[in-house]
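Here is the structure we will look at, set down as structure tokens.
The values are calculated or read from the model by the stated rules, or taken from the named source; none is laboratory data. Given the structure is predicted, the values throughout are model-derived calculations rather than measurements. Here the Cβ is made from the backbone with ideal geometry for all residues, glycine too, and neighbour counts use every protein chain on show. With ligands, DNA and RNA removed, areas are computed over all heavy atoms of the protein, side chains included. Shrake-Rupley method; radii C 1.70, N 1.55, O 1.52, S 1.80 Å.
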Amino acid sequence: MAISGLNFACRPHVTIRPPLLHFIRKFRFSSVAAIEALDEPVNGKLYNSATSQGTGEENSTMPEWKKLNSKDLGIRTSRIPEPTRKVLNVLKDRGYEVYLVGGCVRDLILNRIPKDFDILTSAELEKVVGMFSFCSIVGRRFPICHVNIDGTIVEVSSFSTSREKFTGDVNHELVRHFGNDEKNVDRWRNCLQRDFTINGLMFDPYSKEVYDYTRGIEDIRKAKVRTVIPASTSFQEDCARILRAVRIAARLGFRFSNKTAYFVKSLSPSILRLDKARLLMEVNYMLAYGSAEASLRLLWRFKLLELLLPIQARYFVRQGFGRHDTRSNMLLAVFSNLDKLLGPDRPCHSSLWVGILAFHEALSEHPRDTSVIAAFSLAVHNGGDMSEAVDITKRITRPHDISFPELSEPQNLDSQELINEVMHLADSVKDALTKMTYRCYNLRAQNSDPAFISPPLSSKACRIFDCVRDGVGKGFVSKQGSEINYRLLAWGSLEEVRRVFARTVFDTVYPLRLTQTRTT
């Protein structure tokens, strides 16, 4: 059950080149860029009209809109996945209008990998259901179709839904403003119901045209997250948009506009109206898709961390970590290393980041010798072979990071002492999981509230570490090589989750840069 050396170094990110459109500047995709979001107080009138014809923060008389060539924006249709193409083609062949909408258009312009592709069509949802063998309508407030193509779910929404939800008046002056084209009115009306301007773009992959009714291209150029309708109204209509704003800013390294930032912070307590399953889903989007470090920084800056992950917020307080702090700590360092292994198209199962949070909490409460952490991560990696983990740990010559208070001074433990300490760490991690699952603490009121991490998820995270005490299971064969099976990782395969956990922890305690510095 040999492990191929100590090569836990992360594989590099996929290279992200700048978009082809000449006026879109290069963005600095980093966690520090994300925390530079503006949050100045806003003076003046708060808008109340959700159907204003302006775009959110500038109450213009008529909506500004543009139709652009997708090639000029750097969009390559070759990046549209095959399942999405099949759905588009079926709808188009039946004579319906079809568009790609939302974040996928934004990401195609930025030459980033979209998390998913959403389709908007002129066909009614009932008609869509009749076109595909495996298709169903889901959702009550905003119903959409889930089309299952080759094991991939493609989401399809309809213009008819946005017409039903729209409460504003569409007068003749507005129709004339759009060149007497009622299709433009339909597209604009649909955009008004979207969250942020950069998500309000529509791309016709057949005519190669991009429609922009909310100045989304301008906000992409400015690297800005701004609500489509006034931020106060937008976040009160759907408080989940507050968390989506954080997720988008963190992932792209964008800033918030002044008013968006102000209301993200001032309306942050409203997220507690969301049910726990929704909170878990939103936090998972932040921590499991390659932008966890930046997300944690933004959650902390905008006073959301103490509402979602109060145990981790207490750690930031103990560290004296400021709201605008750009330095790092061990919690951020661990997630930074995890981010290097993940991406929008390569997520991990939620049990992995839950396990990392519990592991760090155990270290935060009781700092450990680096040899204990090394042996613990190696035992998790190899499925519980403690003798092998201890043997490899004794031979480690790689320098460790001395900057984290969670790491105590080396104690030159003998093999049995090392095993005992590893077992104690495993018990502490499980205790931390229990605390995170059944009780978390509100820092302001000092009251206990149920955590949103469910018992089944906690139990799955606990299984990551069971092997440390239980030993190697019957028939277990250690996987060779360093390649990650991302399909299995997303499904929560214990073997893949354990390997990625071990790599992430090991590279945090024994960062490769220290080895490179020593050799040079």
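Quickly rank 260-273, 123-136 as a protection proxy: mean count of other C-beta atoms within 10 Å, highest first. Numbers along the way, then the final one.
On the way: 260-273: 19.4, 123-136: 15.7.
Result, highest mean first: 260-273, 123-136.
With the whole protein complex present, Tyr510 retains an accessible surface near 10 Å², based on a 1.4 Å probe. Take the Cβ atoms of Ser270 and Leu488, set R0 to 41 Å, and the FRET efficiency comes out at 0.65.
Between His366 and Ser454, the FRET efficiency from the beta-carbon distance, with R0 = 35 Å, is close to 0.85.
Report the percentage of all Cα-Cα pairs in the range 332-394 whose separation exceeds 18 Å, rounded to a whole percent.
Working: 923 of 1953 pairs.
That tail contains 47 percent of the Cα-Cα pairs.
Sorted on the mean count of surrounding Cβ atoms within 10 Å across their residues, most packed first, peptides 359-370, 240-251 read 240-251, 359-370. Computed 3J(HN,Hα) for the range 198-212, one whole-Hz value per residue from the Karplus formula 6.51 cos²θ - 1.76 cosθ + 1.60 where θ = phi - 60°, is 6, 9, x, 7, 10, 10, 8, x, 8, 8, 6, 10, 10, 9, 10, glycine and proline marked x.
In the complete set of protein chains, residue-level accessible area for Leu494 is approximately 40 Å², probe 1.4 angstrom. Arg278 contributes an accessible area of around 70 Å² to the protein surface, as traced by a 1.4 Å probe with all chains present.
So if each residue of separation counts as 0.36 nm, and I subtract the Cα-Cα distance between Arg323 and Asn412, what length gain in nm does that give? Working it through step by step, the gained length comes to 28.2 nm. The amide H of Leu201, built 1.01 Å from its N in the peptide plane, has Gly102 as neighbours under 5 Å, considering only residues 5 or more places off or on other chains.
For the range 324-333, backbone phi angles converted through the Karplus equation (6.51, -1.76, 1.60; θ = phi - 60°) give residue-by-residue couplings of 10, 5, 9, 6, 10, 9, 5, 4, 5, 5 Hz, Gly and Pro being listed as x. From the alpha carbon centroid of the range 341-394 to that of the range 277-296 is 20 Å.
Note on Gln236 and Arg94: their simple-model spin labels are 4.0 nm apart, each label 7 Å out from Cα toward Cβ. Applying the Karplus relation 6.51 cos²θ - 1.76 cosθ + 1.60 with θ = phi - 60° to the range 410-420 yields 3J(HN,Hα) values of x, 10, 6, 6, 7, 4, 5, 4, 5, 4, 4 Hz, where x marks Gly and Pro. Expressed as a whole percent, the accessible surface of the range 341-444 that belongs to carbon and sulfur atoms is 48, based on a 1.4 Å probe.
Pairs over the 22 Å Cα-Cα cut-off, from the set Lys430/Lys460; Lys115/Lys259; Lys276/Lys340; Lys71/Lys259; Lys265/Lys340: Lys115/Lys259; Lys276/Lys340; Lys71/Lys259; Lys265/Lys340.
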